[in-house]
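The values are calculated or read from the model by the stated rules, or taken from the named source; none is laboratory data. The model shown is predicted, which means the values in this text are computed figures rather than measured ones. Here the Cβ is made from the backbone with ideal geometry for all residues, glycine too, and neighbour counts use every protein chain on show.
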Amino acid sequence: MSEWVGVALFIMAGLAFGVVGIGVSFLVHPRSKNRYKLETYECGIPVEGSAWGRFKAQYFTFALIFVIFDVEVIYLYPWAVSFVQLGLAGLVKMFIFIFILVLGLWYAWKEGALEWK
Amino acid sequence: MENVYELIAFILLGGMVLGSALLVVTLKNLVHSVLSLIVTFIAVAGIFLLLNADFLAAVQVLVYAGGVCIMVVFGVMLIQRSDIAESNPVNWRFGFAALLGGGIFILIGMFAARSQWMIAGTEVPKDTVGTFAPILLTDFVIPFEVAAILLTVALTGALLLVKEVKANGDRS
C-alpha cells in the first residue's frame, strides 16, 4: 500500500504545479482589454469558424488501431512483469500473440489506412 | 495508522468519482462530459489500487481512460449534427432521479446486508500480477492466443467498414 503514497504525492505535486503557476500569473499579470486579446492566436492568421466542427472520418481509423493495440498492452503487461520467470516458452507464446496482431496491422497498412488522404 | 490514510484516500477518491460522475451528467458540452468521464475512470482506478488490485487499476487506466474515452470522443465528433455546446441537454428532474437512485441504493444495500460474505481461506497475494501471468501463459494460453485473433478480427472488420464508406464516396 505504502508504495502508492509516492504516486499520490506525485499527483498532488503535479496539480500544485499547474494551479500555483496559473494562480500566481492571474494575480500579477497586467490587464489590458481589447479584441485581439480574446482571439485564439494573438498574432497570425485570423481564425475562421468554430473549433467544434466535424472531423474527418479518417481520424477514426487511427483511433481504432490505437484501441486494438491499447488492449494488446494489457496482455503485454503481466508478461513483462514476470518475464524472467516465464523464460523462453513465455517469449515464444508472446511472439505468437504479437504476430497475430501484426497480421492485422499489415492488413491495415496494405489497405492504406495509415496513409493520410 | 495505515487504516486512517486508507480511509482518507477512499473518501477523496470516492468524492472524485461522485463529483466527476455528476459533472458527466450535468455539463452542457458532450466533449467536456467525456473529459470528466476520464477523471471518473482514473478515480475508480485509484479505488482499485486501494483494494490491492494493481492489474485491474492498470487496465482501468489503459482501456477505460484511454481506449473507451477515445471511442466516445470520436463517436461524439463524428455524429455531431448541431452546436456542440448544447449537445448534452440537462433534464433537471431531481425528484424522480433521487427516487430512482435512492430506490436502487436501498435495494443493493438490502441485498448486501443479507448476503453472506465468504472470507477467503488464504491471504490475498501481495503481488497480483506476478501470480497471474504464469497462469495466463500456461493453463490459459489458448484463450490468450484466441484473444489476439479476436483483436485482429476486430481491427480488420473495422477497417473493412471504413473502406466500404470510402468506396461509396468520401463525403467528409
Considering every residue within the range A:108-117, establish whether at least one is in contact with a helix residue (DSSP H, G or I) (Cβ under 7 Å, 6 or more places away or on another chain), of a type outside the set (G, A, S) and surrounded by 12 or more Cβ atoms within 10 Å (Cβ to Cβ). yes
Would the range B:48-60 turn up any residue that is surrounded by fewer than 17 Cβ atoms within 10 Å (Cβ to Cβ), more than 12 Å from every other protein chain (Cβ to nearest Cβ) and of a type in the set (S, T, N, Q)? no
Among the numbered criteria (1) within 8 Å of chain B (Cβ to nearest Cβ); (2) surrounded by fewer than 13 Cβ atoms within 10 Å (Cβ to Cβ); (3) not in a helix (DSSP H, G or I), which one does A:Q85 miss? (3)
Cross-chain or 6+ apart pairs with Cβ under 8 Å, the range A:1-22 first and part of a helix (DSSP H, G or I), then of a type in the set (G, A, S): A:A8/B:A9
Do we find that A:G90 is touching a residue at least 24 places away in the same chain (Cβ under 8 Å) and small (G, A, S) in this structure? no
Looking at (1) modelled with pLDDT under 85; (2) in contact with a helix residue (DSSP H, G or I) (Cβ under 6 Å, 6 or more places away or on another chain); (3) closer than 30 Å to B:A53 by Cα, can you tell me which one A:P78 breaks? (1)
On the given criteria, is A:I22 facing another protein chain (nearest Cβ under 7 Å), at pLDDT 85 or above and under 25 Å from the mean Cα position of the chain (by Cα)? no
Residue that is farthest from the other protein chains (Cβ to nearest Cβ) [pool: residues in the range B:105-143 that are touching a residue at least 12 places away in the same chain (Cβ under 8 Å) and outside any loop (DSSP other than H, G, I, E, B)]: B:T128
In the range A:25-61, how many are within 12 Å of another protein chain (Cβ to nearest Cβ), assigned to a helix (DSSP H, G or I) and more than 21 Å from the chain's Cα centre (by Cα)? 0
